[in-house]
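Here's the structure we're looking at; comments come further down.
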Amino acid sequence: MRDVAALEKTRVYDRCVLRVEFPDRACLTARFHPREPCSAAYAVVAAAVRPGLVFSLFAAPPRRDLPRDGTASLLDLGLVPAARVFISFAGGHSSSADVLSEASLRRMDCDAAEDAVPESLPVVPGGGCEAAGPLAAGGTGKKRGKPSWLKT
């Protein structure tokens with residue numbers, strides 16, 4: 001009876017978003033079904049990193065290592081609806097360029113090129129505003145003095 005009441009109170013999510021954060025703050029974002037095993041997250045990350053690298057995933061704080069086996073689902077681990085998961089490497093790699101596969105780096109470069117901000121124009125010394133006087137400096141043209149409400 002309590003299980004039914006607890007199930008009725010829980011929210012139902014149709015997806016789980018995991019952001020895997022590398023040591024240099026680069027992120028890999030993936031979507032999963034909440035009932036998928038944790039091994040699915042390991043499979044996605046393994047496809048993005050170089051073959052043969054030994055890594056582990058953990059959630060923090062406090063540090064909870066995510067199991068590699070397929071017994072626990074993302075919902076059971078408390079990673080639904082969204083969570084930030086960190087990755088650690090056995091060799092102590094600190095740069096994502098050292099650990100990501102060539103295909104992942106190319107995909108990341110294409111995404112960065114699309115999101116790039118156009119370069120700004122250089123400032124011309126002595127150019128700009130031609131006007132002079134109190135209005136050019138952003139003032140209202142009124143003489144600044146002591147406010148009328150201030151009594152001395």
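The table for this structure:
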quantity: Charge-dipole axis of segment 2-106 as Lys and Arg at +1 and Asp and Glu at -1 on Cβ define it, positive-most pick from L100, A41, A5; calculated: A5
quantity: Orientation-averaged projected area, Cα convex hull of segment 2-106 (nm²); calculated: 7.4
quantity: Fraction of the pair-distance distribution of segment 19-76 above 13 Å, Cα-Cα pairs, percent; calculated: 64
quantity: Loop sites in segment 8-71: trypsin sites (Lys or Arg not before Pro), DSSP, at most 15 other Cβ within 10 Å; calculated: R11, R15, R25, R35, R63, R68
quantity: Residue-count net charge about P37 - beta-carbon cut-off 11 Å; Lys, Arg +1, Asp, Glu -1; calculated: -1
quantity: Per residue solvent-accessible surface (Å²) - segment 2-106, probe of 1.4 Å; calculated: 61
quantity: Accessible-area composition of segment 2-106, carbon plus sulfur, in percent [1.4 Å probe]; calculated: 54
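The values are calculated or read from the model by the stated rules, or taken from the named source; none is laboratory data. If you're wondering where the values come from, they're calculated on a predicted model, not measured in any experiment. Here the Cβ is made from the backbone with ideal geometry for all residues, glycine too, and neighbour counts use every protein chain on show. Ligands, DNA and RNA are excluded from the accessible area calculation, which covers all protein heavy atoms including side chains. Shrake-Rupley method; radii C 1.70, N 1.55, O 1.52, S 1.80 Å.
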